[in-house]
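Nothing in this text is a laboratory measurement; each read-out follows from the coordinates by a stated rule. Bear in mind the structure is a predicted one, so any value in this text is a computation, not a measurement. Glycine gets a Cβ as well: all are built from the backbone with ideal geometry, and neighbour counts include every protein chain shown.
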Amino acid sequence: MRKVAIITDSNSGITQAESKKIGISVVPMPFMIGSKTYYEDINLSREKFFRKMAKDEQILTSQPAPTEVLKVWDKALKDFEEILYIPMSSGLSGSCQSAMMLASDYDGRVQVVNNQRISVTQKRSCLDAMELAERGMNAAEIRRVLEQTKFDASIYITLETLQYLKKGGRITPAAAAIGSLLRIKPVLQIKGEKLDAFAKARTMSQAKTTMITAMKNDIQNLYGGLESKDVWLYAVDAQYPEGIALFQQEIETSFPGYFVEHDNLSLSVCCHIGPEALAIACSRKLDYDRIAEEALSARQGSQTL
């Protein structure tokens with residue numbers, strides 16, 4: 001029997017097709033659109049989601065039903081000794097707390113990571129977990145590493161419209177009206193528990209410059225320095241093919257020598273910010289071999305006591 005199954009939810013942005021390719025199971029997130037419930041990447045594609053958004057249909061997010069989570073866990077435990085479950089940030093949804101309650105019935109075989117990440121940085125945590133599991137670490141050891149490094153990641157987002165922040169109640173209608181009149185482009189930050197305002201710009205060009213500058217500061221001051229290239233760096237968009245290609249080039253120019261990967265913001269984020277949003281994200285790289293060696297050493301030390 002294999003050791004550790006890595007499972008996440010679709011807030012990570014890992015599609016069902018990707019999940020089969022990389023071996024990470026994905027619990028699809030439910031969306032209520034009108035009177036019907038849809039499941040991300042099951043009967044709700046990105047294209048269908050943005051078509052409904054363009055029609056101004058009401059879209060609400062929810063957490064997966066406990067029965068859906070348990071179904072995925074129980075299937076995995078037929079082939080694996082234990083599970084590492086990486087849900088979206090506990091500060092953005094109650095799904096993490098719900099999963100922890102469910103896991104209490106599994107006698108330690110299910111470890112839930114309070115990773116406080118979402119979208120591309122949550123996906124990076126899943127890929128990091130896979131690397132650590134392949135080096136022989138158990139689920140509890142990997143959980144501790146991911147929780148210790150959960151803040152070693154940043155996402156900055158800018159929007160074309162304030163309409164969806166207003167619909168989600170994150171800004172007042174009056175503020176949205178004034179912002180739209182002044183053509184303000186907000187820059188938002190996701191780091192840790194929530195989506196926060198970071199800065200305001202008057203043009204998309206200024207907003208992109210603000211995001212790139214903020215990311216340079218984070219890498220320089222928090223993630224090992226710009227010269228170390230010790231981060232995974234991403235150019236990310238909601239549904240903005242015309243804008244993301246240029247933005248990715250601008251990031252590559254601003255970070256010479258870095259590999260800049262393109263990815264999409266997960267639909268749970270898009271629901272609150274709308275289409276035509278751009279983002280830059282990073283996650284600090286882990287030294288997998290060193291971490292695995294330290295975990296094995298600690299395990300052997302505890303066994304000799």
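I'd like to check something: does the stretch 210-227 contain any residue that is touching a residue at least 24 places away in the same chain (Cβ under 8 Å) and in a loop (DSSP other than H, G, I, E, B)? Yes, the stretch 210-227 contains a residue that is touching a residue at least 24 places away in the same chain (Cβ under 8 Å) and in a loop (DSSP other than H, G, I, E, B). Scan the stretch 241-262 and give yes if some residue there is more than 16 Å from the chain's Cα centre (by Cα) and part of a strand (DSSP E or B), otherwise no. Yes, that holds for at least one residue.
Among the residues of the stretch 273-290, those that are touching a helix residue (DSSP H, G or I) at 6+ places or on another chain (Cβ under 6 Å) and assigned to a helix (DSSP H, G or I) comprise 273, 288.
Set side by side, the residues 28, 66, 87 differ, and just one is over 20 Å from the mean Cα position of the chain (by Cα) and closer than 19 Å to residue 268 by Cα, which is 66.
On the given criteria, is residue 14 touching a Phe, Trp or Tyr at 6+ places or on another chain (Cβ under 7 Å), within 28 Å of residue 281 (Cβ to Cβ), in contact (Cβ under 8 Å) with a residue 40 or more places away in the chain and aliphatic (A, V, I, L, M)? For residue 14, the condition - touching a Phe, Trp or Tyr at 6+ places or on another chain (Cβ under 7 Å), within 28 Å of residue 281 (Cβ to Cβ), in contact (Cβ under 8 Å) with a residue 40 or more places away in the chain and aliphatic (A, V, I, L, M) - is not met. Quick one: in the stretch 115-151, of everything that is surrounded by fewer than 19 Cβ atoms within 10 Å (Cβ to Cβ) and polar (S, T, N, Q), which residue is nearest to residue 234 (Cα to Cα)? So, considering only residues that are surrounded by fewer than 19 Cβ atoms within 10 Å (Cβ to Cβ) and polar (S, T, N, Q), the one nearest to residue 234 (Cα to Cα) is 149.
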